[in-house]
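Below is one structure, written out as C-alpha cells, with a few remarks after it.
The values are calculated or read from the model by the stated rules, or taken from the named source; none is laboratory data. The model shown is predicted, which means the values in this text are computed figures rather than measured ones. Here the Cβ positions follow ideal geometry from the backbone for every residue, glycine too, while neighbour counts run over all protein chains shown. SASA here: full protein model, heavy atoms, side chains in, ligands and nucleic acids out. Shrake-Rupley method; radii C 1.70, N 1.55, O 1.52, S 1.80 Å.
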Amino acid sequence: MAREKSWKLLLGLRIFAFMATLAAAIVMALNKETKTLVVATIGTIPIKASLTAKFQHAPAFVFFVIANVMVSFHNLFMIVLQIFNRKPEIKCFNLLSVAILDMLNATLASAGANAAAFMAELGKNGNKHAKWNKICDQFAIYCDHGSGALIAAFIGLILMLIIAAVSISRLLIHSNKSAAATSSNT
Amino acid sequence: MVKLTKRIGGLVLRLAAFGAALAALIVMVTSRERASFLALSLEARYTDMAAFKYFVIANAVVSVYSFLVLFLPEKSLLWKFIVVLDLVMTMLLTSSLSAALAVALIGKKGNANAGWLPICGQVPKFCDQVTGALIAGFVALVLYVLLLLYSLHSVVDPFLLQKS
C-alpha cells in the first residue's frame, strides 16, 4: 500500500500546494513600497512627504498571510507524515483525520484568498459611492506584487480542493474494502 | 430506530442551514438607506460594494443547493458525491463571508493609511442590517461545517467504527 498510484498523486499535489501557499505568504509579507510625493508648495519650495504602503495596513492582507502560512504548514506536516509512514496496513482513524484536516484547511485557504482578493479589488478600483480613492495608480509595484501573491494563493486553493477530494476518496475506498472483508468473513 | 433518528438529525441540520443562508440573503438584499449629506443625498445599497454582491450570490447558491438536497432519497448512490459538494459549498460560504467582513470592516473603521473615511456614521441603519446579514451568514457557515462532518460520518459509518 505504500507505493500505490493515489499515494504518489497525493504526494505530488501536496508538494505543489505547499510551494504555492508558501510563495503567496512570502510575497505578500514582503510587500512594501515607499513613495515621495509633493504635498504642497510654499512659494517656490515644494514640500515632499514620503508615504509607505505596507501589507499590515489592511487587516484582510494580514489574515491572508496568516491563513496561507497555516495551510502551508499543514501541507508540510502531511508530506512528512506520508513519507515516513510506510507501514503495510493503514488504520482507518489515520485516513479519517487526514481527510477532515484537509477539508478544514481547504476552507481556511479559500477564506484567506477571497478576503485579500476583494480588498485588492477595492484598492484597484476604489469606490465612488463611499468616496474611497483608488491607490493602485500611485503604488503600482505594491499592487503588482499583491496580485502575484493572490494568483499563487488561488492556485494553492484549487490544489487544496483536489487534495481534499482525493483524501475523501481514499477513505471511501478503504471503508468499502473493509466492509467487503467483514461481510465475506461472516 | 437509530438510523431514523440519525436521518432526522441530518434533515433538521440541513433545514437549519437552508434557513440561515436564506435569512442572510434576504437581510442583505433589503438593506437600503438614504441619507442627506450637506446639499446632496446619497443612497447606500448592497450593490455599491462588489463583496456584498458576491455574498448575496453565494448565499443564494447555497440556499438552492440545501433545498434540493433536502429531497434526496436515502438509498440513492449520490450521497458519496454530496460529501464533495458539501465541501465546495462550505468553501463558497467561507470565502463570501470573509470578503464581506473585510469590506464591512473598512466601512466601519475606515483606513487611515489610504485616506478612506468610514461611512457607518452617515448610514447607521444600513450598517446595522449588513452586520445582521453577516451574523446570519456566520451561523450558516458553522451549520455547514457540522453538516460536512455529518455527511462524511453517514457515508463511511458504520464499518469505520467497528473496524478501527
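Looking across region A:98-130, the residues that are of a type outside the set (A, V, I, L, M, F, W, C) and open to solvent by 40 Å² or more (accessible area, probe 1.4 Å) come down to A:E121, A:K124, A:N125, A:K128, A:H129.
Restricting region B:28-71 to residues that are without any contact (Cβ under 8 Å) to a residue 40 or more places away in the chain, among the aliphatic types (A, V, I, L, M) and open to solvent by less than 30 Å² (accessible area, probe 1.4 Å), which is nearest to B:F126 (Cα to Cα)? Top of the filtered list is B:V56. The set of residues in region A:69-85 that are among the aromatic types (F, W, Y) and surrounded by 14 or more Cβ atoms within 10 Å (Cβ to Cβ) contains only A:F73.
The combined condition, being touching a Leu at 6+ places or on another chain (Cβ under 7 Å), at the interface with chain A (Cβ under 8 Å from one of its Cβ atoms) and either more than 23 Å from A:I135 (Cβ to Cβ) or outside any helix (DSSP H, G or I) (or both), is fulfilled by B:V83. Among the residues of region A:153-171, is there at least one that is within 12 Å of chain B (Cβ to nearest Cβ), open to solvent by 20 Å² or more (accessible area, probe 1.4 Å) and touching a Phe, Trp or Tyr at 6+ places or on another chain (Cβ under 7 Å)? No; the residues of region A:153-171 include none that is within 12 Å of chain B (Cβ to nearest Cβ), open to solvent by 20 Å² or more (accessible area, probe 1.4 Å) and touching a Phe, Trp or Tyr at 6+ places or on another chain (Cβ under 7 Å). Within region B:122-157, if we keep just the residues that are among the small types (G, A, S) and open to solvent by 10 Å² or more (accessible area, probe 1.4 Å), the residue that is nearest to the other protein chains (Cβ to nearest Cβ) turns out to be B:S154.
Counting only residues that are surrounded by fewer than 17 Cβ atoms within 10 Å (Cβ to Cβ), closer than 26 Å to B:T94 by Cα and facing chain B (nearest Cβ under 10 Å), how many does region A:86-97 have? Total meeting the criteria: 0. Among the conditions (1) over 14 Å from the mean Cα position of the chain (by Cα); (2) within 7 Å of chain B (Cβ to nearest Cβ); (3) surrounded by 14 or more Cβ atoms within 10 Å (Cβ to Cβ); (4) assigned to a helix (DSSP H, G or I), A:T182 misses just one, which is (3).
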